[in-house]
1. Would you confirm, using the coordinates I've provided, whether Asp21 is outside any loop (DSSP other than H, G, I, E, B), within 13 Å of the ligand (Cβ to nearest atom) and either under 20 Å from Val278 (Cα atoms) or open to solvent by 30 Å² or more (accessible area, probe 1.4 Å) (or both)?
2. Could you check Ala303 against (1) at pLDDT 95 or above; (2) away from the ligand (no atom under 14 Å from the Cβ); (3) small (Gly, Ala, Ser) and say which number it fails?
3. Here is a list: Arg58, Arg74. Which entry is under 30 Å from Gly221 (Cβ atoms), more than 9 Å from the ligand (Cβ to nearest atom) and surrounded by fewer than 17 Cβ atoms within 10 Å (Cβ to Cβ)?
4. Return the only residue of Arg216, Arg138, Arg168 being closer than 29 Å to Gly13 by Cα, surrounded by fewer than 17 Cβ atoms within 10 Å (Cβ to Cβ) and not acidic (Asp, Glu).
5. Pairs only if they're at least six apart or on different chains, beta carbon under 8 angstrom, first in the stretch 30-49 and farther than 22 Å from Cys4 by Cβ and assigned to a loop (DSSP other than H, G, I, E, B), second within 6 Å of the ligand (Cβ to nearest atom) and small (Gly, Ala, Ser); list them, first residue then second.
6. Which numbered condition in (1) closer than 28 Å to Leu130 by Cα; (2) surrounded by fewer than 17 Cβ atoms within 10 Å (Cβ to Cβ); (3) out of contact with any Lys or Arg (no Cβ under 9 Å at 6 or more places or on another chain) is the only one that Gly27 fails?
7. The conditions are (1) buried (at least 17 other Cβ atoms within 10 Å of the Cβ); (2) on the phi > 0 side of the Ramachandran plot; (3) away from the ligand (no atom under 14 Å from the Cβ), and Gly111 fails exactly one of them. Which is it?
8. Kindly evaluate His68 against the criterion of being at pLDDT below 95 and surrounded by fewer than 15 Cβ atoms within 10 Å (Cβ to Cβ).
Amino acid sequence: MNSCRRIAVVGAGLAAVSVCDALRALGYDGELALYSAEPGLPYDRPPLSKDVLLGRARREDVLLRPEHWYTEQRVALRERTVVRAVRPHEGGLELADGTAVDADRVVLATGGTPRALPVPGGDDPAVHVLRTWEDSVRLRERLLPGTRVAVVGAGLIGAETAAVAVARGCRVTLVDPVAIPLAGVVGDAVAGALHGRHTAEGIDVITGGVSRLEHRPGGSGVVLRLAGPGGSVSADLVVAGIGVRPATGLAEAAGLHVDDGVVVGTGQRTSHPNVFAVGDVARHNGHRVRHEHWEAAQRSGEAAAHGILGRPLPEPGVSWFWSDRHGCRLEAVGTMADAERTVVRGKPDSGAFTVFGLRDGRLVAAAAIDRGRDIKSARRIVDRGIPVDAARLADESTDLRALLKR
Ligand SMILES: Cc1cc2nc3c(=O)[nH]c(=O)nc-3n(C[C@H](O)[C@H](O)[C@H](O)COP(=O)(O)OP(=O)(O)OC[C@H]3O[C@@H](n4cnc5c(N)ncnc54)[C@H](O)[C@@H]3O)c2cc1C
């Protein structure tokens, strides 16, 4: 390669910072600019629904990189700078103030925006979402003891938020149309145990859909009307945790291939050879779904750096994520829906156990509550495609690391 001297990255979340990190590590010494719509130094998002919401972490605790990193790595961070257009054919960007920026390669790292509640009244000011630092701080200020909080959506962010709210003394109702959320990803046993914790911690769990929000005058909150004969829930505030819409507007306007995310191929390259997409906004053309997880964002940034510089790509490896709620940690690799049978290790009654998902004698997925070491081994077994014996996986006396030695 490679006459690339100016790289512009749109967005400054984890995926964007990972691109910059990897580019410099690979020896790229040209210009590198990060355009961030948000104010301040880029920060990590997982703590927003955990320690930040609990009031245990300040902004400086959750920065992706310290300020001096940007100087040392010669990464020009343009905060509060919205990119208005990407012009791949003309080789650059246009900023919201009309400034044209030349770039040999553009990386779209625009993340996503939380889905609004798609029901009448869903735009009520009592409805909160959780994506940015400001969202988390605003919500935290409202999570006071006795506050009636309705969380809609019991996926990762909804479940974590409900757990924090109850820990802060709120009266929490969690509403989701699915009886056991996350079961497709982590399997029924782990998902069921996790969901059961909500009730054990005093959260009122409702299986149902929300059909309407009604504003109560005089600051007395809202009423959520549930679909069918489901009744209603009164709340002082509502948190919508119903997923994220990828921020594909720039890509669409630039004529790139977009289909539930900016579609990328090898090395995170989009349908235009000079434009790459990373993180939550990107969907790999070999994947059915976007992986909206921390590590996926980081890895896609690394892959894009390799792609931009024309280097051999790192091995992708199986997907991994974690989630913390009610003092316990979920970790999972792969997707349990890909398995044809499952094996349990440990005692589900104890609260800490692992489920392995197998297909054709090989491990394809694993999910665990408070058993990170199992997941660490499982991940290596999946990545290496090592044949496994179900009985040995289930046997607590088997050191899983021994299964790595073929
Ligand atoms: C509350 C929360 C908790 C999470 N917890 C976990 C967890 O426990 N485990 C896990 O694995 N994952 C977790 N995740 C997911 C993980 O944090 C995300 O997958 C990851 O942060 C995505 O990074 P990104 O860089 O793709 O996007 P983002 O971090 O969203 O960054 C995108 C940035 O681009 C900016 N931008 C967009 N458009 C423009 C534009 N036109 N011009 C300039 N800037 C623009 C946005 O303002 C934003 O700052 C969590 C996410 C959230 C929100």
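1. Details: outside any loop (DSSP other than H, G, I, E, B): yes; within 13 Å of the ligand (Cβ to nearest atom): yes; either under 20 Å from Val278 (Cα atoms) or open to solvent by 30 Å² or more (accessible area, probe 1.4 Å) (or both): yes.
Criteria met by Asp21.
2. Of everything listed in (1) at pLDDT 95 or above; (2) away from the ligand (no atom under 14 Å from the Cβ); (3) small (Gly, Ala, Ser), Ala303 misses just condition (2).
3. Step by step, each of Arg58, Arg74 is checked, and only Arg58 is under 30 Å from Gly221 (Cβ atoms), more than 9 Å from the ligand (Cβ to nearest atom) and surrounded by fewer than 17 Cβ atoms within 10 Å (Cβ to Cβ).
4. Values: Arg216 fails: closer than 29 Å to Gly13 by Cα; Arg168 fails: surrounded by fewer than 17 Cβ atoms within 10 Å (Cβ to Cβ).
When all the criteria are applied, what remains is Arg138.
5. Taking only residues 6 or more apart or on different chains, the pairs are Ala37/Gly11; Glu38/Ala12; Pro42/Ala12; Pro42/Gly13; Pro42/Ala16; Pro42/Ser36; Arg45/Gly13.
6. (1)
7. Condition (3) is where Gly111 drops out.
8. Values: at pLDDT below 95: no; surrounded by fewer than 15 Cβ atoms within 10 Å (Cβ to Cβ): yes.
Against the criterion (at pLDDT below 95 and surrounded by fewer than 15 Cβ atoms within 10 Å (Cβ to Cβ)), His68 does not qualify.
The values are calculated or read from the model by the stated rules, or taken from the named source; none is laboratory data. The structure presented is a predicted model; accordingly, all values stated were derived computationally and were not measured. Note: ideal-geometry Cβ built from the backbone for every residue, glycine included; neighbour counts use all protein chains shown. These accessible areas exclude ligands, DNA and RNA; they are computed on the full protein's heavy atoms, side chains included. Shrake-Rupley method; radii C 1.70, N 1.55, O 1.52, S 1.80 Å.
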